Amino acid sequence: MSAFHAVTGLVLGMTDIVPQLLDWYGRAQRDLPWRRPEVTPWQILVSEFMLQQTPVARVEPVWLAWIARWPTPSTTAAASPADVLRAWGKLGYPRRAKRLHECATVIATEHDDVVPSDVETLLTLPGIGAYTARAIACFAYRQRVPVVDTNVRRVVARVVHGRADSPASVRDLDDVAALLPDGPDAPQFSVALMELGATVCTARSPRCGVCPLTTCAWRANGFPEATTPVRRTQRYAGTDRQVRGRLLDVLRDNDSPVPRAQLDLAWLSDTAQRDRALDSLLVDGLVEQTADGRFALAGEGE
DNA sequence: AACACGTGGGC
DNA sequence: TGCCCAAGTGT
């Protein structure tokens, strides 16, 4: 087969992706609360923060309670960091909660309580990076911008490039931009791409039997294994991260400052590590020390 | 450009 | 069990 034909076949196949994916999404999409039409850009932003590295199933109940309590940036900004950290609960990576609170403050005070709609401005906000900025522009403001998360990256690696997966690359945006349909379907296409990666074209056991796409370079190539070894996942047991988690757990459970001795109970095996973890929580602004030397969640009592 | 940063479910 | 993975960001 000539290179020309190979390329032509690829291009024709790619154009079919749009209707196939949109049709599939129309019947197979999950009913996620942040996708409902009445949800505001701010509430979508909150969902995106929570979904950074955290599964949908764990986010859902927390998001529901959160937006009922703090529906806007200004109401969120008015809450204390301690209350925000508590509402975040055990979603993980509590620095995200801190940044969400900071993000609310900036939007409330500098953007008239309105979430910015352009990617450029969104990128200046705390906790918002390349993915989240585009997700908000696309899902909240219906803009035709490529949205690349881990799901999209994997689907494109497989369907377009015939590889099992691919590491993040500066070319990801161009790859996805090339697939994006013109007109109002672009945002729907992007969610559909993510949805396919999340529910069908999954990392572990892809369900190719129910895939709506008739053209897939990975399948055509015989499902080759990943060539670039995945970076070793970081251990968790025994790390500072685990210690920080234990410490925060104690603080979330106490709405008044706790003495050092009580915190020490949370990690007995390595006192130096415990001190280091506590110090890092203070540095991150997640924890504060009171005048009498006790410890509390940041802004406790505000 | 690696690495730190939580937590829990699945296999 | 222990490892993999989950809508990433900041340094």
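The values are calculated or read from the model by the stated rules, or taken from the named source; none is laboratory data. Given the structure is predicted, the values throughout are model-derived calculations rather than measurements. Cβ atoms come from the backbone with ideal geometry, glycine included; neighbour counts cover every protein chain shown. Heavy atoms of the whole protein, side chains included, go into the accessibility calculation; ligands, DNA and RNA do not. Shrake-Rupley method; radii C 1.70, N 1.55, O 1.52, S 1.80 Å.
Worth pointing out:
- The residues of segment A:93-122 that are within 16 Å of DNA strand B (Cβ to nearest atom) and part of a loop (DSSP other than H, G, I, E, B), listed by number, are A:Tyr93, A:Pro94.
- Only one of A:Ala77, A:Ala140 that is within 30 Å of A:Leu180 (Cβ to Cβ) and of a type outside the set (Val, Ile, Thr): A:Ala140
- Residue that is surrounded by the fewest Cβ atoms within 10 Å (Cβ to Cβ), among those in segment A:26-79 that are among the small types (Gly, Ala, Ser) and within 23 Å of A:Ala298 (Cβ to Cβ): A:Ala65
- Test: A:Val84 is within 16 Å of DNA strand B (Cβ to nearest atom) and touching a His at 6+ places or on another chain (Cβ under 6 Å): yes
- Listed by first and then second residue, the pairs linking a residue in segment A:265-292 that is more than 15 Å from A:Arg241 (Cα to Cα) and open to solvent by 80 Å² or more (accessible area, probe 1.4 Å) to a residue that is within 16 Å of DNA strand C (Cβ to nearest atom) and assigned to a helix (DSSP H, G or I), with Cβ atoms under 8 Å apart and 6 or more places separating them unless they lie on different chains, are A:Glu288/A:Leu282; A:Gln289/A:Leu282.
- Checked against the criterion of being modelled with pLDDT of 95 or more, within 16 Å of DNA strand B (Cβ to nearest atom) and not hydrophobic (A, V, I, L, M, F, W, C), the candidates A:Arg207, A:Arg231, A:Arg235, A:Arg219 yield just one match: A:Arg207.
- Failed condition for A:Ala198, given (1) closer than 18 Å to A:Ile17 by Cβ; (2) in contact (Cβ under 8 Å) with a residue 60 or more places away in the chain; (3) more than 16 Å from DNA strand B (Cβ to nearest atom): (3)
- Criterion: within 16 Å of DNA strand B (Cβ to nearest atom), at pLDDT 95 or above and open to solvent by less than 30 Å² (accessible area, probe 1.4 Å) - qualifying residue of A:Leu251, A:Leu180: A:Leu251
- Checked against the criterion of being more than 9 Å from DNA strand C (Cβ to nearest atom), more than 23 Å from the chain's Cα centre (by Cα) and surrounded by 10 or more Cβ atoms within 10 Å (Cβ to Cβ), the candidates A:Phe189, A:Phe223 yield just one match: A:Phe223.
- Residues of segment A:81-127 that turn out to be within 9 Å of DNA strand C (Cβ to nearest atom), touching a residue at least 24 places away in the same chain (Cβ under 8 Å) and buried (at least 21 other Cβ atoms within 10 Å of the Cβ), as a count: 1
- Yes/no for A:Val18 being at pLDDT 95 or above and more than 11 Å from DNA strand C (Cβ to nearest atom): yes
- A:Ala28 fulfils the conditions (1) within 11 Å of DNA strand C (Cβ to nearest atom); (2) touching a residue at least 60 places away in the same chain (Cβ under 8 Å); (3) not charged (D, E, K, R) except for a single criterion, (1).
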